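Engineer: Got a structure here, written out as structure tokens. Questions coming.
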Amino acid sequence: MTDTPPYKRVLLKLSGEALMGKGQFGLDPETVNQIALDIKEVVELGIEVCIVVGGGNIFRGLSGAAAGMERSTADYMGMLATVMNSLAMQNALEQVGVPTRVQTAIPMETVAEPYIRRRAERHLAKGRVVIFGAGTGNPYFTTDTAAALRASEMGCEVLLKGTKVDGVYTADPVKDSEATRYDTLSYRKVFTDDIGVMDHSAIALTRENNIPIIVFSIYETGSFAKAVSGNGCFTIIQ
Ligand code: UDP
């Protein structure tokens, strides 16, 4: 690793599933604590860290809609699930001594601060990690798009997507032993081959704002710090 941090400011997108560990639903405290330690490692490199957390481990709007719920209501429930995950992540980070603020796109001031970009800037300048909850605040969007949006607004130099696998593969590596990992991918290829790494609106936003996306495994201890330093296994989309 180099002495000068490779990036000044990064955004980490954690899917709800990443917080589930080996479970089938909800939060696995051990996994959440390990991720907090990995984030601490990056903070200690002198890098400002923004985080967007998903909610799929608790509730997904599309599943609610498939079960007959009105889509917007189901999506609001999904956004509330991301706030629960954000609070869990904040708790784990503060337990390992990383000062953190949660800001939500849906105001709920007794629980967290509302999203105010300039205030988030102040927190980052003071060395705090900022977790953006409640996605974009709008139904019909995903937290991947929220991550691309906040990364753009906050001027993050890279969006890191922490997943269960160490990058983007030519096929599902669990089902296909011939599958190989891409080292790099272009935004265009992700679009034209319809590679399901992030939804199209997230890819479009990052492309427009020239923000590369690094897909890496959050389950490998230390992989976040490695990925921001250009080491370890990952796929970079640029
Ligand atoms: N969601 C939404 N608008 C947003 C972000 C999220 O309506 O801007 C809802 C949507 O229902 C989604 C749920 O929140 O299914 C959880 O987010 P997501 O599926 O992106 O979480 P992840 O897959 O990353 O765990």
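Engineer: Which value at 222 nm does the chain reach when only helices count, each DSSP H run of 4 or more adding -39,500 (n - 2.57), with the total divided by all residues and rounded to the nearest 500 deg cm²/dmol? Could the numbers behind the result be given before it?
Structural biologist: Working: 8 runs with 87 residues, N = 238.
Calculated from helices alone, the mean residue ellipticity at 222 nm is -11000 deg cm²/dmol.
Engineer: Can you sort Leu124, Leu160 from fewest to most other Cβ atoms within 10 Å of each residue's own Cβ? Show your work: numbers first, answer last.
Structural biologist: Working: Leu124 20, Leu160 28.
Fewest-to-most Cβ neighbours within 10 Å comes out as Leu124, Leu160.
Engineer: A further question on this structure: Considering only Cα-Cα distances, which of the following residue pairs are longer than 30 Å: Lys189/Lys226; Lys126/Lys226; Lys8/Lys175; Lys164/Lys189; Lys22/Lys126?
Structural biologist: On the way: Lys189/Lys226 25 Å; Lys126/Lys226 24 Å; Lys8/Lys175 38 Å; Lys164/Lys189 22 Å; Lys22/Lys126 35 Å.
Flagged as over cut-off: Lys8/Lys175; Lys22/Lys126.
Engineer: Scan region 80-188 for GluC sites (Glu not before Pro) in coil per DSSP, keeping those whose Cβ has at most 11 other Cβ atoms within 10 Å, and list them by number. All intermediate terms of the calculation are to be shown ahead of the outcome.
Structural biologist: Values: sites: Glu94, Glu109, Glu121, Glu153, Glu157, Glu178; in loops: Glu109, Glu157, Glu178.
Passing both the DSSP loop test and the Cβ count: Glu109, Glu178.
Engineer: Can you give the Rg to Rh ratio of the chain, both from alpha-carbon atoms, with Rh computed by the Kirkwood formula? Don't skip to the answer; put the middle values down first.
Structural biologist: Numbers: Rg = 16.7 Å, Rh = 17.8 Å.
Over the Cα atoms of the chain, Rg/Rh equals 0.94.
Engineer: Net charge around Val52, counting only other residues with Cβ within less than 13 Å of its Cβ (Lys, Arg = +1; Asp, Glu = -1)? Please report the intermediate quantities before stating the final value.
Structural biologist: On the way: positive: Lys13, Arg150, Lys161; negative: Asp144, Glu153.
Net charge in that neighbourhood comes out at +1.
Engineer: Take Tyr140, Tyr187 and order them by how many other Cβ atoms sit within 10 Å, fewest up front.
Structural biologist: Details: Tyr140 11, Tyr187 17.
The fewest-first ordering by Cβ neighbours comes to Tyr140, Tyr187.
Engineer: Compute the convex hull volume of the Cα atoms of region 45-128, divide it by the residue count, and report the result per residue in Å³ as a whole number. Before the final figure, lay out each step's value.
Structural biologist: On the way: hull volume 8.7 nm³, N = 84.
So the per-residue hull volume is 104 Å³.
Engineer: Going by how many other beta carbons lie within 10 Å of each one, how would you line up Cys50, Cys233, fewest first?
Structural biologist: Cys233, Cys50
Engineer: Out of residues 5 or more away from Leu160 or on other chains, whose amide H comes under 5 Å of its own, with H placed 1.01 Å from N in the peptide plane?
Structural biologist: Close amide H contacts, sequence-distant or interchain: Leu11, Leu12, Lys13, Ile214.
Engineer: Next up: Kirkwood Rh, region 1-56, all Cα pairs: how many Å?
Structural biologist: Taking every pair of different Cα atoms in region 1-56, averaging 1/r and inverting gives 12.3 Å.
Engineer: Using alpha carbon coordinates only, what is the Rg to Rh ratio of region 99-140, with Rh defined as the Kirkwood radius? Don't skip to the answer; put the middle values down first.
Structural biologist: Values: Rg = 10.3 Å, Rh = 10.4 Å.
Over the Cα atoms of region 99-140, Rg/Rh equals 0.99.
Engineer: In region 135-238, how does Rg compare with the Kirkwood Rh, expressed as the Rg/Rh ratio over alpha carbon atoms? Working shown, then result.
Structural biologist: On the way: Rg = 13.5 Å, Rh = 14.1 Å.
A ratio of 0.96.
Engineer: Which value in Å is the Kirkwood Rh of region 78-213 over different Cα pairs? Intermediate values should be presented prior to the final figure.
Structural biologist: Details: mean 1/r = 0.0610 Å⁻¹.
Value: 16.4 Å, from the Cα pair sum.
Engineer: Give me P(r) over region 1-96, computed from all C-alpha to C-alpha distances, binned every 5 Å, as integer percentages.
Structural biologist: Spelled out per bin, shortest first, that is 3, 14, 20, 20, 15, 12, 8, 5, 2, 1, 0.
Just so you know, all these numbers are worked out from the coordinates, no wet-lab data involved. Remember, predicted model here, so these are calculated numbers, not experimental data. Cβ coordinates were reconstructed from backbone atoms using ideal geometry, including for glycine residues, and neighbour counts include every protein chain displayed.
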